[in-house]
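The values are calculated or read from the model by the stated rules, or taken from the named source; none is laboratory data. These numbers were taken from a predicted model, which means no experiment stands behind them. So basically every Cβ, Gly included, is an ideal-geometry build from the backbone, and we count neighbours across all protein chains shown.
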């Protein structure tokens, strides 16, 4: 850099001052960032700010909103029993799905990490639920779980069930089914990421443990699990964000029904915004839960940045 | 941990039993999509030997291509996928190179900002984006959808490309600079050819993200002929009546492109996945 300054000594001093203050490549750098800045501002920052202002209005589709202060928030928190049902559903759905994904993902990762034939091939097959479009697989499950569907056919035929169960039309089974389908869709992400993490654990650790007479369980608990700590944290938090905000699976399987029994926050926002056309009130649901989400993201980003630089 | 340890026979058997169970559960819905798509409207409800392929027909495929706007949906999906990912990759290359190699104030905090925006879920943004597109007159227009797709594809592709650029040794570029190459020349002659696999991967992930998208299209598009394949599937649901045969035929066609593309990038999938595709 010193040599660069020496050759540009005769340049106008303003440019030199700018370069000194903003960095050597500031002009080209900012120019190349311009398209990204336009997108980030226009499609993310501006909508986020407008989201906040919408929640202070009684905005409906096609009509300009009137300023109504914090009325939307007041109504949502104190006058809307469905909202609290939605919050509860959101937590049950997220905690249930993420823990199931964690268990299934860890199991398949341990299986694939053993010496098996055609590992790459099997890994590819296991990834299919994750790769296929969610809309497609959600509708496939809707058909499998139908009262006349194949799951009831199998379960009644082998004698587990006497009568077919309306999986998606009763509260308990509906939430249970949503958790199962979401876990089915997401466990490959856990499995393959954890597998990649396991393959970086030095083999010597296991050999030493074996010499010391550690059992398979002890090796898992004292070597595998601690080595995967960061990976586990990253995939769990990522999946929590995605599951908490899931729309497609819930919408296509139950539409939040029966009544509001399985509504989560994305489907409730959508119903308020586009079925009753109360955009302002609907967006309030998102905004009120945003601090939780942003908190989670702020915990996650340093972890991901650290992994990136490793 | 490519193990040299020997496993006992029972534990080997158990491993393969568990693996087989996982494979069956992971793949059964695809088998069911395929089988249903080759059955007649009445045939899908026949309980006798329900699991076995019998009395198959192509009539659902004939129906969706001749009587329904399936080709239009296919075209919309393909055009949105291509344009949105090409645009995102170009923006990502420019920004990624600037953030990784150029020296200027703010480049570090900018990289963090990209990750943050990438993690913002679409369920938070769909109402404000709808209002934005409404004020731009882009509701019920594919341009509006393309713009809204950039809100997740641009941060995602930039973040991916940024990572690939970081992995390229800086010495090569320094050598070119000493030989009198300009910074933009370095980008085009050295960095881009070396990062080509990463850029193709970002393109494919971006394409798949757009191809699979659902929420923005159902909020922004009302006309049947402007729908994409995933949203078009919904037109086979009328109240409580599902036309399962045509629906599954369309579903199968919707699934094929992402799966084929995935086979090309399977190698890079893990790194791409921890950065995360837009779903979960």
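Evaluate the range B:196-211: report whether one residue or more is modelled with pLDDT of 90 or more, under 15 Å from the mean Cα position of the chain (by Cα) and at the interface with another protein chain (Cβ under 9 Å from one of its Cβ atoms).
Yes, the conditions are met somewhere in the range B:196-211.
Quick check, is residue A:284 buried (at least 23 other Cβ atoms within 10 Å of the Cβ), away from chain B (no Cβ under 11 Å) and either under 20 Å from residue A:187 (Cα atoms) or in contact with a helix residue (DSSP H, G or I) (Cβ under 9 Å, 6 or more places away or on another chain) (or both)?
No; evaluated as a whole, the condition is false for this residue.
Return only the number of the condition from (1) crowded, with 24+ Cβ neighbours inside 10 Å; (2) farther than 24 Å from residue A:102 by Cα that residue A:259 does not satisfy.
(1)
So if I check each of A:177, A:99, which one is free of Cβ contacts under 8 Å to residues at least 60 places away in the same chain and in the same structural domain as residue A:264 (by TED's automatic domain parsing)?
A:99
Counting only residues that are more than 14 Å from residue A:285 (Cα to Cα) and surrounded by 15 or more Cβ atoms within 10 Å (Cβ to Cβ), which one in the range A:62-88 is modelled with the highest pLDDT?
A:68
Tell me which residues, restricted to the range A:92-129, are closer than 27 Å to residue B:242 by Cα and facing another protein chain (nearest Cβ under 8 Å).
A:128, A:129
Looking at the structure I just gave you, is residue B:52 in a helix (DSSP H, G or I) and either exposed (fewer than 14 other Cβ atoms within 10 Å of the Cβ) or touching a residue at least 60 places away in the same chain (Cβ under 8 Å) (or both)?
no
Hey, can you tell me all the residues within the range A:259-305 that are over 23 Å from residue A:71 (Cβ atoms) and touching a residue at least 40 places away in the same chain (Cβ under 8 Å)?
Of everything in the range A:259-305, those that are over 23 Å from residue A:71 (Cβ atoms) and touching a residue at least 40 places away in the same chain (Cβ under 8 Å) turn out to be A:261, A:262, A:264, A:293, A:296, A:297, A:299, A:300, A:303, A:304.
Do we find that residue A:148 is within 21 Å of the chain's Cα centre (by Cα) and either more than 9 Å from every other protein chain (Cβ to nearest Cβ) or assigned to a loop (DSSP other than H, G, I, E, B) (or both) in this structure?
Judged against the criteria, residue A:148 is not a match.
Could you grab me the full set of residues in the range A:239-256 that are buried (at least 19 other Cβ atoms within 10 Å of the Cβ), assigned to a loop (DSSP other than H, G, I, E, B) and more than 9 Å from chain B (Cβ to nearest Cβ)?
Across the range A:239-256, the qualifying residues are A:254, A:256.
Quick grid of which residues meet (1) surrounded by fewer than 18 Cβ atoms within 10 Å (Cβ to Cβ); (2) at pLDDT 85 or above; (3) within 28 Å of the chain's Cα centre (by Cα); (4) more than 10 Å from chain B (Cβ to nearest Cβ):
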residue: A:202; (1), (2), (3), (4): yes, yes, no, no
residue: A:210; (1), (2), (3), (4): yes, yes, no, no
residue: A:217; (1), (2), (3), (4): yes, yes, no, yes
residue: A:225; (1), (2), (3), (4): yes, yes, yes, yes
residue: A:229; (1), (2), (3), (4): yes, yes, yes, yes
residue: A:232; (1), (2), (3), (4): no, yes, yes, yes
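Going by the conditions given, is residue A:93 touching a helix residue (DSSP H, G or I) at 6+ places or on another chain (Cβ under 8 Å) and within 30 Å of residue A:220 (Cβ to Cβ)?
In short, yes.
Go through the range A:95-115 and give me each residue that's surrounded by fewer than 22 Cβ atoms within 10 Å (Cβ to Cβ) and assigned to a helix (DSSP H, G or I).
Within the range A:95-115, A:95, A:96, A:99, A:100, A:102, A:103, A:104, A:106, A:107, A:110 qualify.
Return the residues of the range B:63-77 that are closer than 18 Å to residue B:257 by Cα, in contact with a helix residue (DSSP H, G or I) (Cβ under 8 Å, 6 or more places away or on another chain) and surrounded by fewer than 20 Cβ atoms within 10 Å (Cβ to Cβ); say none if nothing qualifies.
Scanning the range B:63-77 gives B:65, B:71, B:72, B:74.
Does residue A:24 satisfy being in contact (Cβ under 8 Å) with a residue 12 or more places away in the chain, facing another protein chain (nearest Cβ under 8 Å), farther than 28 Å from residue B:125 by Cβ and surrounded by 15 or more Cβ atoms within 10 Å (Cβ to Cβ)?
So residue A:24 fits the description; yes.
Exactly one condition in (1) surrounded by fewer than 21 Cβ atoms within 10 Å (Cβ to Cβ); (2) within 28 Å of residue B:37 (Cβ to Cβ) is false for residue A:149; which is it?
The one condition residue A:149 does not meet is (1).
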